Amino acid sequence: MNNKNIIVANLKMYLSLAGEVERWLENFSKAKKDLKLKNTELVICPPAIFLDQFSKKNKSKTIFVGAQNCVWENKGAFTGEISPTMLSSSGIKYVILGHSERRKYFGENDEMISQKISAVLRAGIKPIICIGEDGDQRRKGLTMEVVLGQLSNCLIEIGPGKIENVIICYEPIWAISANKPKFPPTSADIMTARLLIKKFLVKKYGEKTAERVRIIYGGSVDSKNVQEVCIDSGMKGALIGSASTIPHELKKITKLMDN
Ligand code: PGA
C-alpha cells in the first residue's frame, strides 16, 4: 500500500519550445538538490513528446515522470494517440486522466475516461483522475451531484482490488488558474468535497480499502495557499498547473506538503 502524499505537476502545454524545456530541466535539477522527500512523491507530467527527455534525466526514487493523457486501446488505428502499453514500456508509472481541459476541448466524457482508467490499470499505470464542477454548476448548488456522478461513472468498472492504485483529484473547473478564479475554494469547501468522495469510496469499496485511496486537490495551488487548500483540508496532495512551470515554486510546494 502506498500511503504517501503526492504532488502532481501538470505542465500542460506551458513549456512548448525545446529551449524552454531544457531551461526547466536545468532549473529543476538545481532546485531538487536539497529536496529529500520522506512522505511525498512528486510526479512530473510534461507533454508526451518530452516524456523520454524527462525520464532520462530522472534517477530519483521519490520523483516520477507521468503522462497527461492516453487512449483506452493498446494498439491499432488510433492516429495521433498514445496507448497505456506505450507508456508502461517507456517506464511511465502515472497518467492524468479526464482533466477538464480534455473534456472541454477534446470531447472526453465519463465513459471514455472509465475505459481509459481500466486500460491504464491493466498496463500497471496509476491513473490520477480529475473530477469537479464548473462555475455554473457550483452557483446552482450542483457540486455534490456532479462530483458523485463523475465518480460513479468513471469508477464503474473498477473493483476493490484495483481502486487503491487510483488517485482521485478534486479539481473544481472554475478554480483552475487558466479560468481566472477570483480566489480558490476555502479549505472548508475542499474538505467537504473530500469527505463526499471518501463516503462514496467507503460505500462502494468498504472502509479499509477506501482508506488506501489517495484524494488530492487541484486548482490554483501555490506555495502561499497549499497549507490552506491542501493540508488544512486533509488532502493527500495536489495537482499543480501553472505554478509547476517554476521549478523553485514546485519544490517549495512539495516541501510544504512533505512536512
Ligand atoms: P492550475 O492548474 O494549478 O494552473 O490551476 C491545475 C490543473 O488544471 O491541473
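The values are calculated or read from the model by the stated rules, or taken from the named source; none is laboratory data. What you see is a predicted model, and the numbers here were worked out from it, not measured in a lab. Here Cβ is always computed from backbone atoms with ideal geometry, including for glycine, and neighbour counts include all displayed protein chains.
Conditions: (1) within 25 Å of Ser89 (Cβ to Cβ); (2) without any contact (Cβ under 8 Å) to a residue 60 or more places away in the chain; (3) not in a loop (DSSP other than H, G, I, E, B). Glu164 meets all but one. Number of the miss?
Result: Glu164 passes all but (2).
Can you confirm whether the stretch 18-32 contains a residue that is within 16 Å of Val221 (Cβ to Cβ) and either touching a residue at least 24 places away in the same chain (Cβ under 8 Å) or not aromatic (Phe, Trp, Tyr) (or both)?
No - not one qualifying residue is present in the stretch 18-32.
Please go through the stretch 199-217 and give me each residue that is out of contact with any Pro (no Cβ under 6 Å at 6 or more places or on another chain) and within 17 Å of Lys4 (Cα to Cα), ordered by number.
Lys208, Ala210, Glu211, Arg212, Val213, Arg214, Ile215, Ile216, Tyr217
I'm checking my understanding of the structure. Among residues of the stretch 119-161 that are assigned to a loop (DSSP other than H, G, I, E, B) and touching a Phe, Trp or Tyr at 6+ places or on another chain (Cβ under 7 Å), which one is farthest from Lys180 (Cα to Cα)?
Among those that are assigned to a loop (DSSP other than H, G, I, E, B) and touching a Phe, Trp or Tyr at 6+ places or on another chain (Cβ under 7 Å), it is Pro160.
Asn179 passes all but one of (1) surrounded by fewer than 17 Cβ atoms within 10 Å (Cβ to Cβ); (2) modelled with pLDDT under 95; which number fails?
Single failed check for Asn179: (2).
Taking the criterion of being away from the ligand (no atom under 16 Å from the Cβ), under 19 Å from Asn2 (Cβ atoms) and not aliphatic (A, V, I, L, M), would at least one residue in the stretch 92-105 satisfy it?
yes
Can you name the residue in the stretch 32-74 that is of a type in the set (A, V, I, L, M, F, W, C) and part of a loop (DSSP other than H, G, I, E, B) and, of all such residues, is farthest from Ile96 (Cα to Cα)?
Per the criteria, the residue is Leu35.
Residue pairs, Cβ under 8 Å, 6 or more apart or interchain, first in the stretch 182-194 and assigned to a helix (DSSP H, G or I), second among the charged types (D, E, K, R). List them.
Once the first residue is assigned to a helix (DSSP H, G or I) and sits in the stretch 182-194, its partners that are among the charged types (D, E, K, R) give Ser187/Glu228; Ser187/Asp232; Met191/Asp232.
Just the residues that are within 16 Å of the ligand (Cβ to nearest atom), over 18 Å from Glu101 (Cβ atoms) and touching a Ser or Thr at 6+ places or on another chain (Cβ under 6 Å), please, taken from the stretch 131-190.
Ile190
Table: residues versus (1) among the aliphatic types (A, V, I, L, M); (2) more than 23 Å from Cys70 (Cβ to Cβ).
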site: Ala123; (1), (2): yes, no
site: Val147; (1), (2): yes, yes
site: Asn153; (1), (2): no, no
site: Asn165; (1), (2): no, no
site: Cys169; (1), (2): no, no
site: Ala188; (1), (2): yes, yes
site: Thr192; (1), (2): no, yes
site: Ser223; (1), (2): no, yes
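Quick one: in the stretch 208-239, which of the residues that are of a type outside the set (Val, Ile, Thr) and part of a helix (DSSP H, G or I) is surrounded by the fewest Cβ atoms within 10 Å (Cβ to Cβ)?
The extreme case among them is Lys208.
Does the stretch 59-90 hold any residues that are closer than 21 Å to Gly237 by Cα, crowded, with 18+ Cβ neighbours inside 10 Å and among the polar types (S, T, N, Q), and which are they?
Hits for the stretch 59-90 are Gln68, Asn69.
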